[in-house]
Structures are given as C-alpha cells and as structure tokens.
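Peer 1: Let me begin by handing over the structure; questions about it come next.
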Amino acid sequence: MNKENWPNSKSLYERLKKYGESDYYPFHMPGHKRKDMVFENPFDWDITEIDGFDDLHHPTGILKEAMEEAAAFYQSDATYFLVNGSSCGILAAISAAVHPGDKLLMTRNCHKSVYHGALINQLETAYLYPDILEDFSCAGGITAEQTEAALRQDVERKIGCVVMTSPTFEGLVSDVEKIAGIVHRHGAILIVDEAHGAHFPFHPAFPRSALALGADAVIQSLHKTLPSLTQTALLHIRGNRIDRNRVETYLRVYQSSSPSYVLLASIDQCIRFMTDSRGKESVERYVEHLTDVRAKLSGLKQIRLLDERVVGNYGIYGLDPGKLVLGSVRQTAPVTPFVELSAGGAGMTGKELYRRLRERYHLQPEMCTDRTVTLMTSVNDSRQGFDRLLEAVKETDREMDQKMNRKMSRKSGRESDNRQKNIKTEKRMKIKDEKAENTEKPVARLPIFLAAAAPCELIPLEKSQGRIAAELVCPYPPGIPILVPGEEITEACADRVKAYLEQGFEIHGIRTGGDRFQISVLK
C-alpha cells in the first residue's frame, strides 16, 4: 500500500467493529462467540505488574492463588495460565521433558508448535502415522499397538518423550489411557496436545480429559471451545516425571515478559464461570442442543456428518460431539498429506460448501478441506445460531439431492449403480482404509534442527522433486505439516501441495512469485 493512502484506509479496529456489528454467526473460535462475558472496558484495567496484582513469572499472590484453585478443580499437581496460547505451553512442556540429543516420538498430525519444539531443543524425531478417513479427508487416532511397536524399535532407548494430539481438529480422540500406560512402561513422558478439548472436564457427554487418563502434561486452549479471549490457554502437569522447576523456567522463556492482565482475568473468569451454576446450566443446554442438531444433521441425504460410526476404527477411541464436520456424499478425491490426489467424482467440495454457508447464509465456519467443512461450537452458541445452521444445511442438502436426482433420471440404468455406491460409502466408514496405510510417507534426510539452520534457496515448486525441504510446509488451519525441514520432496508431495494451492487453500511455507509457487529448499 502507498503510504500516502494509508490514513484513508480502514483500520483493523474499524474492520473488526464492522464485522462485530454484522449478522455473521461465528461457528469458529474463540469459544465466547463474541458474547459479552461481563467484561467492562478493558482499557480501564489493562495494567502491568504493579503492587497487589502479582507477577505471572514469579507468582506469590493473586495469580498464584488463581492457578492453585484451577489445579484443584482440574485435579492436576500444577496448572499454569498461558497468555501466548497453547503453543507456548507445548514448547515449555517439551523443553522441560527432554534434553538436546534425545529423540521425540510424535504423531505426524501434531500441530506445528511440536515441530518447533523439536527444532529448538535439537531433537531427532520419529513419527506415529494415524490412519486416514479418506471420506472426510482427515487423520484418525493413534493406537496403543502403534505406540508400543515404535517404542520397542527404539533399541538405543533415545525416545524420552511422546507427544500426541487428542482430540484432533475434527474432534477425534485416541485411547490415551492405554497409550499412557505403554509410554510409562518404557520410561518415557507423555505430553498430550488437548488444545481442542478444554471443555471435556465439564460434562460426561464429552470424552474424558487426557489429564484424568495418565498423561504427564496436558495443554488446553480455553479460547477454542470455552468462553475466553483469544490466546488464553492452560498447561497442566500431573505426577513427577516432568520437573516443574524446568517447566516454570521455560514458561518464562516462551511467554511474554509483559503478560496481559486482560487475558489473565479472562482465564480466571472463564474457569469461575464454567464451575459455577451459570456454567453448569449453560453446558446442559449446550449438550441438549448438540444432541438435537447432530440427530437432524445425521438424517440428510447428500451431506454427511462425521459421527460415532467411526469410533472403533481408524484408531479412534471417542468423538467430541461439539465439532460438526460436514462433507458431501459424492465428492472429489481427497488431498490429505498422506493420500494421493486423483481427479474425478461429483458433488459439492468442502470449499464450495464453506463459501455457500458464508456468503449465502452468513455463517462463518472455522475451516474447510477439499472434502469437509468444520464448524466449532461452544457453550455460548445460541439456539438461534444452531437453527440458522440447520436451515442452511438442510436447504443445501435439498438442492443437492434435487440436482442429483435430475442427473440420475437423465442417465437411465444408473440408479441401481448409484445406490450401490452409496452403500459402499456407508460401509467404508466401518472398515479400516488400507489405502491410507500403504501410501508413501516423507523420508527425512536430516534432523529438523540441522535442516532449519542450513543454507537455503527459493526454487519453483515444480522443480523441487528430489530436493530437501528447508521449512515447514503446512495448510493453515489446522497447522499440520505436509513437509518438515530435512524431508525429501517427492513428485507426489509437490503435486499434493500444488493441488491445495490451486483449490485456494492457504499454505504456510510456500511463496507466490508472480504466477509461480516457490518453496524453500536446502542448497
């Protein structure tokens, strides 16, 4: 932008204010859903560490008491308030649990902050690959058997820490309790990224929190699924496998030295709200709404809801009903990190459904993939908001069904074939997808920390085959890498990245130069 025009352009504040005044309904984080949570003008009490208000990095007063009260509720041995999001809690937990030269065993669908933890701490990495739900273009869970096998292969016993994501962005939960037992038998530490499960402890309708299932450290983003401001999160420590002094040292490294008291107050207020009578009543209403909405969404003809039928398959042990993941029955092929791209198919893509909900119905989803749309819900969602969603999705489903019926009637003899295809599609949800398990996986040529420090250059994506990636390449959201520094770029991988880009997805780690896509590789 020309600097002379800048004063006349709309400020971020003005654009936020206009959006806040619009009728767009937020099926996205933060979990407060833009509702007033009894917060006065924050400028009146946006302070620094003055007398009587304690110091987050050396708490002895009100902040210490608030964190102790939170720990008592969550039944942790220590709970820490985070104002730099779950990412800083993940970094602190990893840094406290390992030492340079250790090996980190992690699920491949971990958030990029876990990869950053490996980079900063100079760790070797090994991966646990989840099965892929091809119909929904997302990763499933991790099994105890996978974890056991990976730890047994570590004959040098270099793996000191295991990091897993449960629930996933789509709300899919692994068998954390069984995995924790295996990890501990091998003398390792288990860290669970439960960023999308901060609401789990508040109602039996949700899966159990990893904190109650044996994890040593659990990180939760309050702002994702609870009524709290963006960037607010918690780090819980249980047991003595992780040195709490090291945790606190690294929190001082990764958290701002000038933490926002507005955010700290939001954390405290959120927990107080959720544990008092108002919060309990809100959760009961929320669960009732979810039960009703999910039942109605499950009865559609052309749009499918990711539901409980996946539990027991793909390494999935449980499902969070608060995540509404919608996909078309007849879609184009998926473009997941570990599933090949192929052309063909019919129906509405995830991108098309996302745009339709946003532009026609003013419903703002959290994200979309090539096949699905993810809508995030919370205790602050209203019945009116859910009704708007149901009306929009039902109308879209009717139009899709009418269009499909017209198409089928023009092609005589195809009705029975299509019915058979639908039956097969339903069955695929109940069986393991062998294709996903057998697809090519990236090959690491260098550890992440060595590759990230090496000289690099930008080259066209189409000329990257055989080169070594110099930085993370990942769609955002959800921030799960396709490529990691030090991994060889194959033709199939480059094609997957290109397919994402051509469908309009944002890919971190890819630059646009004119009409070409560029990627950073080692020289």
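The values are calculated or read from the model by the stated rules, or taken from the named source; none is laboratory data. No experiment lies behind these values; they were computed from the predicted model shown. Note that we place each Cβ from the backbone using ideal geometry, even for glycine, and neighbour counts take in every protein chain shown. Note: areas computed on protein heavy atoms with side chains; ligands, DNA, RNA excluded. Shrake-Rupley method; radii C 1.70, N 1.55, O 1.52, S 1.80 Å.
Peer 1: Once both labels are modelled 7 Å past Cα along the beta-carbon direction, what's the R152-L501 spacing in nm?
Peer 2: 4.3
Peer 1: Could you tell me what percent of the accessible area of region 127-285 is made up of carbon and sulfur, with a 1.4 Å probe and every protein chain present?
Peer 2: It is 46 percent, rounded to a whole number.
Peer 1: Expressed in nm to one decimal, what extension gain is obtained for the pair N240 and F73 from 0.36 nm per residue of sequence separation less their Cα-Cα distance?
Peer 2: The N240-F73 span can extend by a further 58.2 nm.
Peer 1: What percent do you get for the relative contact order of the chain when only Cα pairs under 8 Å and 6+ apart count?
Peer 2: Numbers: 1025 pairs, mean separation 87.9, N = 523.
Over the chain, the number comes to 17 percent.
Peer 1: If you place +1 on the Cβ of every Lys and Arg, -1 on the Cβ of every Asp and Glu, and leave all else neutral, what size is the dipole of region 146-256 about its Cα centre, to the nearest 20 Debye?
Peer 2: 260
Peer 1: Gain in length, N405 to R208, computed as 0.36 nm per residue apart minus the alpha-carbon separation, to one decimal in nm?
Peer 2: On the way: separation 197, 0.36 × 197 = 70.92 nm, distance 4.29 nm.
Between N405 and R208, full extension yields 66.6 nm more.
Peer 1: Could I ask something else about it? Between the DSSP loop rule and a limit of at most 14 other Cβ atoms within 10 Å, which trypsin sites (Lys or Arg not before Pro) in region 14-82 are left?
Peer 2: Sites meeting the loop and neighbour criteria: R34, K35.
Peer 1: Quick one: which residues, 5 or more positions from I159 or on another chain, have an amide H under 5 Å from its amide H? H modelled 1.01 Å from N in the peptide plane, none for Pro or chain starts.
Peer 2: Sorted by chain and number, the residues that satisfy this are K103.
Peer 1: Order 219-226, 174-181, 65-72 from most to least packed using the mean count of other Cβ atoms within 10 Å.
Peer 2: The densest-packed peptide leads the list: 219-226, 174-181, 65-72.
Peer 1: Next question. Which Cα, out of Y250, P485, L264, lies furthest along the positive dipole direction of the chain (beta carbon charges, K/R +1, D/E -1)?
Peer 2: Of the listed residues, the answer is P485.
Peer 1: For the chain, with the dipole built from +1 on Lys and Arg beta-carbon atoms and -1 on Asp and Glu ones, taken about the Cα centre, which of I510, S328, P130 lies farthest toward the positive end?
Peer 2: With unit charges placed on the Cβ atoms, the residue in question is S328.
Peer 1: Rounded to the nearest 0.05, what FRET efficiency is calculated for R360 and E308 with R0 set to 30 Å and r the Cβ-Cβ distance?
Peer 2: 0.50
Peer 1: Take the cross-link list K103/K178; K407/K463; K33/K64 and give me the ones stretching past 32 Å between alpha-carbons. Before the final figure, lay out the partial values.
Peer 2: Working: K103/K178 21 Å; K407/K463 41 Å; K33/K64 29 Å.
In this structure, K407/K463 lie more than 32 Å apart at Cα.
Peer 1: Separate question: Loop only per DSSP, at most 13 neighbouring Cβ atoms within 10 Å: give me the GluC sites (Glu not before Pro) in region 437-486, ordered by residue number.
Peer 2: E440
Peer 1: With only alpha-carbon pairs counted, each pair once and no self-pairs, how large is the Kirkwood hydrodynamic radius of the chain in angstroms?
Peer 2: Result for the chain stands at 24.3 Å.
Peer 1: Can you find, among L190, A217, P204, the residue farthest towards the positive end of the dipole of the chain? Put +1 on the C-beta of Lys and Arg, -1 on that of Asp and Glu.
Peer 2: Going by the charge dipole, the pick is P204.
Peer 1: Still on this model: Non-local amide H neighbours of C456 (under 5 Å, H modeled in plane, Pro and chain starts lacking H): which ones?
Peer 2: K523
Peer 1: Simple spin-label model, 7 Å along Cα-to-Cβ: N41 to D55 in nm?
Peer 2: 3.1
Peer 1: Which of the peptides 262-273, 161-172, 80-91 is most tightly packed, and how do the rest follow, going by the mean number of other Cβ atoms within 10 Å of each residue?
Peer 2: 161-172, 80-91, 262-273
Peer 1: While we're on this one: Residues with amide H under 5 Å of I482's amide H, sequence separation 5 or more or different chain, H placed in the peptide plane at 1.01 Å from N; which?
Peer 2: V473, C474
Peer 1: Also, I was wondering about something else. Could you tally the net charge around T275, taking each other residue with its Cβ under 13 Å from the Cβ of T275, Lys/Arg +1 and Asp/Glu -1?
Peer 2: With Lys, Arg at +1 and Asp, Glu at -1, the net is -1.
Peer 1: Can I ask one more? Can you give the charge dipole size of the chain about its Cα centre, rounded to the nearest 20 debye, using +1 on the beta carbon of Lys and Arg and -1 on the beta carbon of Asp and Glu? Kindly include the intermediate steps, with their values, before the conclusion.
Peer 2: Working: 68 positive and 71 negative charges, 420 e Å.
Value, rounded to 20: 2020 debye.
Peer 1: Okay, next question. Tell me, what is the per residue accessible area of the chain in Å², probe radius 1.4 Å?
Peer 2: Value for the chain: 45 Å² per residue.
Peer 1: Next up: If each DSSP helix of 4+ residues adds -39,500 (n - 2.57) and the sum is divided by the residues in the chain, what number results at 222 nm, nearest 500 deg cm²/dmol?
Peer 2: Details: 16 runs with 190 residues, N = 523.
Per the formula, -11000 deg cm²/dmol.
Peer 1: Got a sec to turn the phi values of region 29-34 into Karplus ³J(HN,Hα) couplings, 6.51 cos²θ - 1.76 cosθ + 1.60 with θ = phi - 60°, whole Hz, x for Gly and Pro?
Peer 2: 6, x, x, 6, 6, 6
Peer 1: Shifting gears a bit: About its Cα centre, what dipole magnitude does region 199-273 give when the only charges are +1 on Lys and Arg Cβ and -1 on Asp and Glu Cβ, stated in debye to the nearest 20?
Peer 2: Using Cβ point charges on Lys, Arg, Asp and Glu, region 199-273 gives about 120 debye.
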